[in-house]
Amino acid sequence: MTAQDLKQLQTPVFPFTAIVGQEEMKLALQLNVIDPKIGGVMIMGDRGTGKSTTIRAIADLLPEIEIVLNDPFNSHKSNLDLMSNEVKQALQENIIFKTEFIKIPMIDLPLGATEDRVCGTIDIEKALTEGVKAFEPGLLAKANRGILYVDEVNLLDDHLVDILLDSAASGWNTVEREGISIRHPARFVLVGSGNPEEGELRPQLLDRFGMHAEIRTVKDPLLRVKVVEERTSFDQEPMVWIKNYETKQQELRERIVFAQNLLPKVELNYELRVKISEVCSRLDVDGLRGDIVTNRAAKAHAAYHGHTEVTVEDIQTIIKLCLRHRLRKDPLETIDSGDKVSKVFNEVFEIES
């Protein structure tokens, strides 16, 4: 069976450029793909608003990545931060390894997943009898250089959420069992989604997500009809639908790749950095994570629009997504819609609302 045949057997994915509305969610996902160091996205919204569809669509949109052949960690062939210890060792010994191109990994984390399934396990018996570190990679290994999606993250055990957030922040996963320690790269974009009716995340966990996108059910009847019609026609003839959007998909793909390459050259001047920190200070945001994420997201937004200098408009577009979920001090409070952030932003940047 050829690669083309296999491609046709795969479940068709709704094109990202065909998704109507939900601009906040789409923007947050694109910025995290341009700079994964932003720290992921928490998407909160009503049921049936296309959260899962959009996340699968962004993964399908992205260009293929080159990995070391048969490597369980999707190791990069030259970047040490994205490389397993075995590949590093082979590199030091000047061993030439084969590579292959794969689609960006999109890993779904099921709600009932155990810690071993997420982090991976060490075969103690094999380690003791054969003297080798027998490691069975988990979902974090498979998600390296890709997207890890947790639906209903607010229902996931807190200690598992902690593990995911630690790995997403550090880019590494460490598994320790019976005195044996294994460390492997786990750099991925963490995307969590949930319905506020089923409970909120604790503020200290919520703060660890880089951005927070809020989505609502579309109220306009004409827009609702358009969404339903598009979905129906996609289900009837998915390949025709995908072909119709091929040009738009390719344009957006090229734009994201261009932004990724431009990002290191983007500058954020000192005065704007001071004003961002003043907004965070006035909003009484705990810690400095809010400042860091806002700076990174503003740079990614500038790169997305092809600029090498961050503008006030860039900051204005992304600041609500970066800060509103950091204002909650009381777990019983609901998340601010962003009005408070906008008000303080307008005061600090002297913009007339």
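The values are calculated or read from the model by the stated rules, or taken from the named source; none is laboratory data. Predicted model only: the values in this text are computed from it and were never measured. All Cβ positions, glycine included, derive from the backbone under ideal geometry; neighbour counts span all protein chains shown.
Would you confirm, using the coordinates I've provided, whether residue 267 is surrounded by 14 or more Cβ atoms within 10 Å (Cβ to Cβ), among the acidic types (Asp, Glu) and out of contact with any Gly (no Cβ under 8 Å at 6 or more places or on another chain)?
On the way: surrounded by 14 or more Cβ atoms within 10 Å (Cβ to Cβ): no; among the acidic types (Asp, Glu): yes; out of contact with any Gly (no Cβ under 8 Å at 6 or more places or on another chain): yes.
Taking the combined requirement at face value, the residue does not satisfy it.
Which members of the range 162-181 meet the condition of being surrounded by fewer than 21 Cβ atoms within 10 Å (Cβ to Cβ), β-branched (Val, Ile, Thr) and in contact (Cβ under 8 Å) with a residue 24 or more places away in the chain?
Passing the criteria: 163, 180.
Please determine, by comparing only the residues of the range 286-304 that are out of contact with any helix residue (DSSP H, G or I) (no Cβ under 6 Å at 6 or more places or on another chain) and in contact (Cβ under 8 Å) with a residue 24 or more places away in the chain, which one is surrounded by the most Cβ atoms within 10 Å (Cβ to Cβ). Don't jump to the end; show me each part of the working.
Start the filter on the range 286-304 by keeping residues that are out of contact with any helix residue (DSSP H, G or I) (no Cβ under 6 Å at 6 or more places or on another chain), which leaves 286-289, 292, 295, 299.
If we keep only those that are in contact (Cβ under 8 Å) with a residue 24 or more places away in the chain too, we end up with 286-287, 289, 295, 299.
Values: 286: 13, 287: 11, 289: 18, 295: 19, 299: 28.
Taking the candidates together, the pick is 299.
Go through the range 74-98 and count every residue that is touching a His at 6+ places or on another chain (Cβ under 7 Å) and closer than 30 Å to residue 27 by Cβ. Give the steps one after another, and end with the answer.
Here is the first cut: in the range 74-98, the ones touching a His at 6+ places or on another chain (Cβ under 7 Å) are 82-84.
Among the residues that remain, those that are also closer than 30 Å to residue 27 by Cβ are: 82.
Summing the residues that are touching a His at 6+ places or on another chain (Cβ under 7 Å) and closer than 30 Å to residue 27 by Cβ in the range 74-98 gives 1.
Of the residues 97, 101, which is over 20 Å from the mean Cα position of the chain (by Cα), part of a strand (DSSP E or B) and either under 23 Å from residue 156 (Cβ atoms) or among the aromatic types (Phe, Trp, Tyr) (or both)? Show your work before the answer.
On the way: 97 fails: part of a strand (DSSP E or B).
Only one candidate passes the filter, namely 101.
Name the single residue, out of those in the range 146-188 being out of contact with any Phe, Trp or Tyr (no Cβ under 7 Å at 6 or more places or on another chain) and of a type in the set (Lys, Arg), that is nearest to residue 44 (Cα to Cα).
187
If residue 56 passes every condition in (1) touching a helix residue (DSSP H, G or I) at 6+ places or on another chain (Cβ under 8 Å); (2) assigned by TED's automatic domain parsing to the domain that holds residue 209; (3) among the charged types (D, E, K, R) but one, which one does it miss?
Looking at each condition in turn, residue 56 falls short on (1).
What residue, among those in the range 19-72 that are assigned to a helix (DSSP H, G or I) and among the hydroxyl-bearing types (Ser, Thr, Tyr), is surrounded by the most Cβ atoms within 10 Å (Cβ to Cβ)? Before you say what the answer is, go through the steps one by one.
Quick first cut of the range 19-72, residues assigned to a helix (DSSP H, G or I) only: 23-34, 36-38, 51-61.
Narrowing further to those that are among the hydroxyl-bearing types (Ser, Thr, Tyr): 52-54.
Values: 52: 14, 53: 16, 54: 22.
Here the answer is 54.
Return the only residue of 146, 138, 120 being small (Gly, Ala, Ser), touching a helix residue (DSSP H, G or I) at 6+ places or on another chain (Cβ under 8 Å) and on the phi > 0 side of the Ramachandran plot.
Numbers: 146 fails: on the phi > 0 side of the Ramachandran plot; 138 fails: on the phi > 0 side of the Ramachandran plot.
One residue alone meets the criteria, 120.
Could you tell me whether the range 135-146 includes any residue that is touching a Lys or Arg at 6+ places or on another chain (Cβ under 9 Å), assigned by TED's automatic domain parsing to the domain that holds residue 48, modelled with pLDDT of 85 or more and in a strand (DSSP E or B)?
no
Just checking, which of 317, 334 is among the β-branched types (Val, Ile, Thr), under 20 Å from the mean Cα position of the chain (by Cα), at pLDDT below 95 and not assigned by TED's automatic domain parsing to the domain that holds residue 31?
Numbers: 334 fails: under 20 Å from the mean Cα position of the chain (by Cα).
The match here is 317.
Go through (1) under 29 Å from residue 290 (Cβ atoms); (2) among the basic types (Lys, Arg); (3) without any contact (Cβ under 8 Å) to a residue 24 or more places away in the chain and name the single condition residue 88 misses.
Only one criterion in (1) under 29 Å from residue 290 (Cβ atoms); (2) among the basic types (Lys, Arg); (3) without any contact (Cβ under 8 Å) to a residue 24 or more places away in the chain is unmet by residue 88, namely (1).
Here is a check on your reading of the model: is residue 168 among the hydrophobic types (A, V, I, L, M, F, W, C), part of a helix (DSSP H, G or I), within 19 Å of residue 55 (Cα to Cα) and in the same structural domain as residue 47 (by TED's automatic domain parsing)?
Details: among the hydrophobic types (A, V, I, L, M, F, W, C): yes; part of a helix (DSSP H, G or I): yes; within 19 Å of residue 55 (Cα to Cα): yes; in the same structural domain as residue 47 (by TED's automatic domain parsing): yes.
Yes.
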